[in-house]
1. Taking the options Leu267, Leu255, name whichever one is in contact (Cβ under 8 Å) with a residue 24 or more places away in the chain, more than 16 Å from ligand 2 (Cβ to nearest atom), open to solvent by 10 Å² or more (accessible area, probe 1.4 Å) and within 14 Å of Glu135 (Cβ to Cβ).
2. Failed condition for Gly301, given (1) under 25 Å from Gln185 (Cβ atoms); (2) in contact (Cβ under 8 Å) with a residue 12 or more places away in the chain, with all others met?
3. Between a first residue in region 350-364 that is within 19 Å of Pro394 (Cβ to Cβ) and a second residue that is assigned to a helix (DSSP H, G or I) and within 15 Å of ligand 2 (Cβ to nearest atom), which pairs have beta carbons less than 7 Å apart while being 6 or more apart in sequence or on different chains?
4. Can you name the number of the only condition in (1) open to solvent by 70 Å² or more (accessible area, probe 1.4 Å); (2) free of Cβ contacts under 8 Å to residues at least 24 places away in the same chain that Leu250 fails?
5. All but one of (1) surrounded by 12 or more Cβ atoms within 10 Å (Cβ to Cβ); (2) free of Cβ contacts under 8 Å to residues at least 40 places away in the same chain; (3) out of contact with any Asp or Glu (no Cβ under 7 Å at 6 or more places or on another chain) hold for Gly290; state the number of the condition that does not hold.
6. Which residue pairs have Cβ atoms under 7 Å apart, sit 6 or more places apart or on different chains, and have a first residue in region 208-221 that is more than 9 Å from ligand 1 (Cβ to nearest atom) and a second that is open to solvent by 60 Å² or more (accessible area, probe 1.4 Å)?
7. Mind listing just one residue for me: the one in region 296-316 that is closer than 16 Å to Gln238 by Cβ and in a loop (DSSP other than H, G, I, E, B) and, of those, most open to solvent (accessible area, probe 1.4 Å)?
8. Which strands (runs of 3 or more DSSP E) sit wholly inside region 317-408 and have at least 2 residues that are modelled with pLDDT of 95 or more, within 16 Å of ligand 2 (Cβ to nearest atom) and of a type in the set (D, E, K, R)?
Amino acid sequence: MKITIKEASKYVDQQVTIGCWLANKRSSGKIAFLQLRDGSGFIQGVVVKEEVGEEIFAKAKSLTQETSLYVTGTVQKDERSPFGFELQVNDVEVIHEAVDYPITPKAHGPEFLLDNRHLWLRSKRQHAVMKIRNEIIRATYEFFNNEGFVKVDPPILTGSAPEGTTELFATKYFEEDAFLSQSGQLYMEATAMALGKVFSFGPTFRAEKSKTRRHLIEFWMIEPEMAFYEFEDNLKVQEEYVAYIIQSVLKNCQLELNTLGRDISKLEKIKAPFPRITYDDALKFLHEKGFEDIQWGDDFGSPHETAIAESFDSPVFITHYPTSLKPFYMQPDPNRPEVVLCADMIAPEGYGEIIGGSERIHDYDLLEQRIEEHKLSKDAYKWYTELRKFGSVPHSGFGLGLERTVAWLSGVEHVRETIPFPRLLNRLYP
Ligand code: 4AD
Ligand code: MG
């Protein structure tokens, strides 16, 4: 019977064959322990010389790291392993011998590991992070489908720039200039007017010369957009969504969180609703904390965000930023037009901003005025302003950065470990 490692629990005391790779091994004169992986999971294979005989034992002992194999044996319960099962090996068949695998069990530096990303992905830790990423994506589709949202796909090649023009990757669209999408939001607004509640999930590109542990050049964003949702309604969706993905990861990724040594007590505490703090109050708080230089109208950097986040056990919304700091499309507060009806969600434990969102301007004249103030091309945004001409309604939305969320839930320091092939400043290989 050919099975995957994940299915082992269903085959206790039965003989099975597993297609796998040798991740690591230990052996003595009488017994060899093979750490086997097949993508679905990790299991220890135990080879006892007295049981398999000289020849198979010698073969098992000489296996090299990352050799591909068919291993046949009996599944046994094993209380000591986190997985709960091991394989009592009867036979080993080599499919392909790996010679001099570069990533050995000793420690390697980050640049070496990134150069070998195509192989590094096989490690137990990277496997765990990718499984958590997958669970967040799965739970995202589940949450939004349960809530009546429709998944739609905005274009990646675009002619306009939602978040400002400085961070765009320019390309040619035959004779025309085009850009790689930095956010699908404007298109999502159009689809919300057609389908009510929508969400997208896709790659976004930012030509930012940032070299921090939170910045990727190419990252994936989940962008919901909701017709008839105002500022408060928007925050409610966000906190319920984030609480939902945390619960899903805690429930379905126990092994992976354990592999990563994640302190899950910090995640278990998190329940919606999340605390809110206005930009003004956050500024006061920062002044009290000794950040004296920052003034009204300045953006918060990561040290500021971290200082604010540290005073809460859960994610926190920072709301009502100065209008001058934010993109043209955000709805000014009617009582105080110098601030906008926006919120950034800041993750705890120093993981920074994971969501940016706002209510959108739905008044045609105001939007035109903002486009002028931002010196943007009226022609390029004609279709976008037209959404305000034909049955305009209040609407809101947000974007969640997948990689920062994976980093936070996995407890990994740097976003470079949260995407299969990270695009970083100075890195396009592999
Ligand atoms: O705050 P941002 O720039 O918001 C937007 O793009 C809106 N148009 C979204 C919307 O309202 N539909 O980006 C949203 C999130 C950030 O909070 C952050 O989590 C992530 O995307 N993000 C990045 N993640 C990794 N690397 C980068 N360079 C990122 N830039 C933003
Ligand atoms: Mg932002």
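The values are calculated or read from the model by the stated rules, or taken from the named source; none is laboratory data. Note that the coordinates shown come from a computational prediction; the quantities given were computed from them, not determined experimentally. Because the Cβ atoms are built from the backbone with ideal geometry, glycine has one as well, and the counts that use them run over all protein chains shown. Heavy atoms of the whole protein, side chains included, go into the accessibility calculation; ligands, DNA and RNA do not. Shrake-Rupley method; radii C 1.70, N 1.55, O 1.52, S 1.80 Å.
1. The unique qualifying residue is Leu255.
2. (2)
3. These pairs meet every condition: Gly357/Asn234; Gly357/Gln238; Glu359/Asn234.
4. (1)
5. Evaluating Gly290 over (1) surrounded by 12 or more Cβ atoms within 10 Å (Cβ to Cβ); (2) free of Cβ contacts under 8 Å to residues at least 40 places away in the same chain; (3) out of contact with any Asp or Glu (no Cβ under 7 Å at 6 or more places or on another chain) leaves (1) as the failure.
6. So the pair list comes out as Arg213/Glu413.
7. Pass one, region 296-316, residues closer than 16 Å to Gln238 by Cβ: 309, 312, 314-316.
Next, only the ones that are in a loop (DSSP other than H, G, I, E, B) stay: 312, 314-315.
Details: Phe312: 58, Ser314: 18, Pro315: 0 Å².
Step by step, filter region 296-316, then rank; the result is Phe312.
8. Correct list: 352-360.
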